[in-house]
Amino acid sequence: MQDFPDKLKEEIKKSLPGTEVQWQMASSDRMVRNFPRTAGPDAAIAAVLIILFPHRGAVHTVFMQRPDYPGVHGGQISFPGGKMESSDRDITETALREAEEETGADRKSINVIGTLTPLFIPVSNILVTPVVGWTEARPDFVHREEEVVFLFDAELNRFLDRSNIREKPFNIRGEMINVRYFDYDGHVIWGATAMMLHELLAIISRAGLV
């Protein structure tokens with residue numbers, strides 16, 4: 001596990017699976033057929049941080065549940081992250097800043113491994129770049145209560161078990177949509193978060209890292 005971050009960094013540099021792999025976890029055939037995959041000039045710019053760390057003999061990451069607010073992403077399980085601010089030097093700083101604010105993870109302890117394929121989210125008109133970071137020990141997570149309901153650790157190799165990918169109809173904004181999602185101990189990880197995670201898992205599998 002000691003060489004995991006270096007090997008993952010090299011694998012990300014080789015090539016990225018891209019939007020085709022991300023969209024394999026998109027919800028509903030209607031979305032796959034009709035939703036645009038390219039951001040327009042008016043799209044907001046954002047980033048998430050996929051924090052990886054060794055814990056109990058395996059590689060883990062952390063997810064958070066957002067408060068149940070009226071917006072399109074209210075109540076969802078997600079990676080920490082948010083919109084880019086004018087003071088951010090680049091998208092990496094956005095990811096590190098937002099993750100520190102939301103989870104309490106010290107940005108200085110996180111080494112950036114690389115970035116995955118930016119994902120356009122049409123319903124919120126946001127282009128999100130997933131940033132992958134590694135820290136040598138599990139951070140002392142303290143979530144920001146006004147932005148995060150709770151945090152939970154997840155073991156990466158459990159997502160490679162295809163039986164944890166499921167589908168069922170959900171009422172999304174008044175419409176019944178067949179949602180494809182990862183089930184992690186009852187946590188439903190779907191939408192953009194599942195799509196970004198799916199690309200990371202494809203890279204990890206390709207390299208035989210988990």
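Yes/no matrix, rows are residues, columns are (1) among the acidic types (Asp, Glu); (2) within 25 Å of Leu8 (Cβ to Cβ):
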residue	(1), (2)
Leu119	no, yes
Glu136	yes, yes
Phe150	no, no
Asp153	yes, yes
Ile177	no, no
Tyr181	no, yes
Tyr184	no, yes
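Scan the range 1-42 residue by residue and report those that are modelled with pLDDT under 90, among the hydroxyl-bearing types (Ser, Thr, Tyr) and loosely packed, with under 12 Cβ neighbours inside 10 Å. If the condition is that a residue be modelled with pLDDT under 90, among the hydroxyl-bearing types (Ser, Thr, Tyr) and loosely packed, with under 12 Cβ neighbours inside 10 Å, then Thr38 is the only one that fits.
Examine the range 117-125 for a residue that is of a type outside the set (Ser, Thr, Tyr), in contact (Cβ under 8 Å) with a residue 24 or more places away in the chain and touching a Lys or Arg at 6+ places or on another chain (Cβ under 7 Å), and state whether such a residue exists. Yes, that holds for at least one residue.
If the condition is being over 21 Å from Thr129 (Cα atoms), out of contact with any strand residue (DSSP E or B) (no Cβ under 6 Å at 6 or more places or on another chain) and charged (D, E, K, R), then the range 140-198 contributes Asp140, Arg144, Glu145, Glu146, Arg158, Asp161, Arg162, Lys168, Arg173, Glu175, Asp185.
I'd like to know if the range 151-173 contains one or more residues that are out of contact with any His (no Cβ under 7 Å at 6 or more places or on another chain), polar (S, T, N, Q), within 24 Å of Arg138 (Cβ to Cβ) and in contact (Cβ under 8 Å) with a residue 60 or more places away in the chain.
The initial filter retains those residues of the range 151-173 that are out of contact with any His (no Cβ under 7 Å at 6 or more places or on another chain), namely 157-173.
Now narrow it down to the ones that are polar (S, T, N, Q): 157, 163-164, 171.
From the residues that got through so far, the ones that are within 24 Å of Arg138 (Cβ to Cβ) too are 157, 164.
Narrowing the set further to residues that are in contact (Cβ under 8 Å) with a residue 60 or more places away in the chain leaves 157.
Yes - at least one qualifying residue is present in the range 151-173.
The values are calculated or read from the model by the stated rules, or taken from the named source; none is laboratory data. Given the structure is predicted, the values throughout are model-derived calculations rather than measurements. Here Cβ is always computed from backbone atoms with ideal geometry, including for glycine, and neighbour counts include all displayed protein chains.
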